[in-house]
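*Asks:* Got a structure for you, questions after.
The values are calculated or read from the model by the stated rules, or taken from the named source; none is laboratory data. Keep in mind that this is a model prediction, so the values were computed, not measured. FYI the Cβ positions are ideal-geometry reconstructions off the backbone, even for glycines, and counts take in every protein chain you see. The protein model used for the area step is the full one, side chains on, heavy atoms only, and it has no ligands, DNA or RNA in it. Shrake-Rupley method; radii C 1.70, N 1.55, O 1.52, S 1.80 Å.
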Amino acid sequence: MITRRTALRALGFAAVGTTSLPSKINPLFAQDSNTSTLFNNVLAIPPLASGTRADDSTHYQLTLQKGSKQFIPGKTTATFGINGDYLGPTLLMKRDDSVALSVHNQLGEPSTLHWHGFHVPATEDGGPKQQIEDGATWNPSFKVAQNGGTYWYHSHVLHNTGEQVYKGLAGMILVQDEQEEALGLPSDYGVDDIPLIVQDRRFSSDGSFSYMSRYDDLVIGAHGDTLLVNGTTQGFFEPSTRLVRFRLLNAANARTFVFAFSDGREFQQIASDGGLLNAPVAMTSLELAPAERAEILVDFSDGNEVMLRSLAMQPNFPEFPGALSRIMRSLNAQAFDVLRIKPLATLSGETTVPAHLTNIERMAASDDLYQREFRISMGFGSRSGEDRGPGTGARTGLGGGHGGGHSIINGRVMNMNFINETVALNSTEIWVLSNNSPMSHPFHVHHGQFQILDRNGELPPDNEMGWKDTVRVGSGETVRIIMRFEDFADAENPYMYHCHILEHEDQGMMGQFVVV
Ligand code: C2O
Ligand code: CU
Ligand code: CU
């Protein structure tokens, strides 16, 4: 098994300093209890788009457009948006419905729109192969095969996803199904069912987005110092009900958030990427990497004002001279206030949370299942190469400094003309994800939802026992996932798997598979 120590050695660094490298969260509770007097901007709620009915399907019109927005008082930022200046509407879909979307590109550059977490034919998936040229319209249609839950859509254009999402090409998809509706969970959109699209951004002094302006961005992905929730900086939300359901979406390019409340209050996670968990999971902090979602229920019946925060993660990278140590030690080490929450004086509704939510049948590992290995590594000009077949990156084994590093999977960078993996239709496979790089990578698979079998041989925590489409693979970790490949056999059109740190994806930490 790959350990952190061998992960470092693979990068050409001796593991210096401590032998135990805790990844523990640094609790900030009570350090500053003054909930700031800032955070006075009313939280924007993206408009809900329920589509229009025609020809037995629901139609959505989406225009990718340029815009501008004042994130910083007195300064204007050039943005991208979908039917608006920044981000897009929340698409409301119903399970088993047929949907037809019309995506019109007015950006002045090529783009795509991908339905993250959806089980759809590869031709409708909106990956890099479904590029929409400037001025063109793409008309995908599919049946909604998803459980009730929180999904999202975003640009997935080759080599430029990071910048387009940074500028605003993303939105939420909310799927409803009968089983979930019967539970009576808070579901009044914008009232007690609140989307929280969390992103970090960096701005230049003139107000423009400062994307990829630092060397660090190339290595660990674009991190910012300003938090946006639904595009609102310094946001403020007033619950009118005792119980609120937040749909948390980490739509950051690269940053991992550890959500918690300033008073340390407990909340219940009820859903993961692909819908409801079997039962609510009580927690006081929740780690979400880019692209991961979680629905949580929070009880505000005490009426107290509270801050939703992202806690600092303790640097778990040893200190030694040089840029790599500094960059890795800075990773997610910053705490943020995310959203100020001030309940109204009178609150309505109940606080009861159903004890049982759904029945997820755990998929079992067995020796006759096909296992595929995915080795995640980062170059930095030092040794990280594996095999060097078609699609292999230009360099391995050259050493010397850490410029020009490649973020790669199985020793290869993404090549649009190379199919990395071929999966048999109706098979169940185990994918073994290992990470010998010095940082965590959120691994995402298109085509549908999977389950996490284990992390370093141990069962995942309760909130990772449900359906997932993106999983964190920590430095030195081996994570096994299990997935069934049903429907949509197509030898020509591949699906993608990739790291959801968008700068890594753009650098080629991505591969293609076909289902045949
Ligand atoms: Cu959220 Cu391949 O993407
Ligand atoms: Cu996806
Ligand atoms: Cu990555």
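*Asks:* How many percent of DSSP beta bridges within region 72-158 run antiparallel, rounded to 5?
*Replies:* So the antiparallel bridges amount to about 90 percent of the total.
*Asks:* At 222 nm, what helix-only mean residue ellipticity would the chain give, in deg cm²/dmol to the nearest 500, using -39500 (n - 2.57) for each DSSP H run of four or more?
*Replies:* Values: 6 runs with 38 residues, N = 516.
Helix contribution divided over all residues of the chain: -1500 deg cm²/dmol.
*Asks:* Still on this structure, I have one more. How far apart, in nm, are the 7 Å Cα→Cβ label points at Asn415 and Ser366?
*Replies:* 3.7 nm
*Asks:* Still on this structure: What ranking do 246-259, 314-327, 488-501, 47-60 get when scored by the average of other Cβ atoms within 10 Å per residue, highest first?
*Replies:* The packing order, highest mean first, is 246-259, 488-501, 314-327, 47-60.
*Asks:* Just the Cα atoms of region 48-176: what Rg and Dmax do they give in Å?
*Replies:* Reported Rg and Dmax, both Å: 14.4, 47.
*Asks:* In whole angstrom, how long is each semi-axis of the equivalent ellipsoid of the chain, when you take the square root of 5 times every eigenvalue of its Cα gyration tensor and sort them from largest down?
*Replies:* The answer is 32, 28, 24 Å, longest axis first.
*Asks:* Next question. So with the 1.4 Å probe, I'd like the accessible area per residue for region 440-516, rounded to whole Å².
*Replies:* Ligands and nucleic acids excluded, the result is 25 Å² per residue.
*Asks:* Can you give me the accessible area per residue for region 317-370, using a 1.4 Å probe, in Å²?
*Replies:* For region 317-370, the per-residue accessible area is 58 Å².
*Asks:* What percentage of the solvent-accessible surface of region 35-158, computed with a 1.4 Å probe over protein heavy atoms, is contributed by carbon and sulfur atoms?
*Replies:* Using a 1.4 Å probe with all protein chains present, region 35-158 comes out at 48 percent carbon and sulfur.
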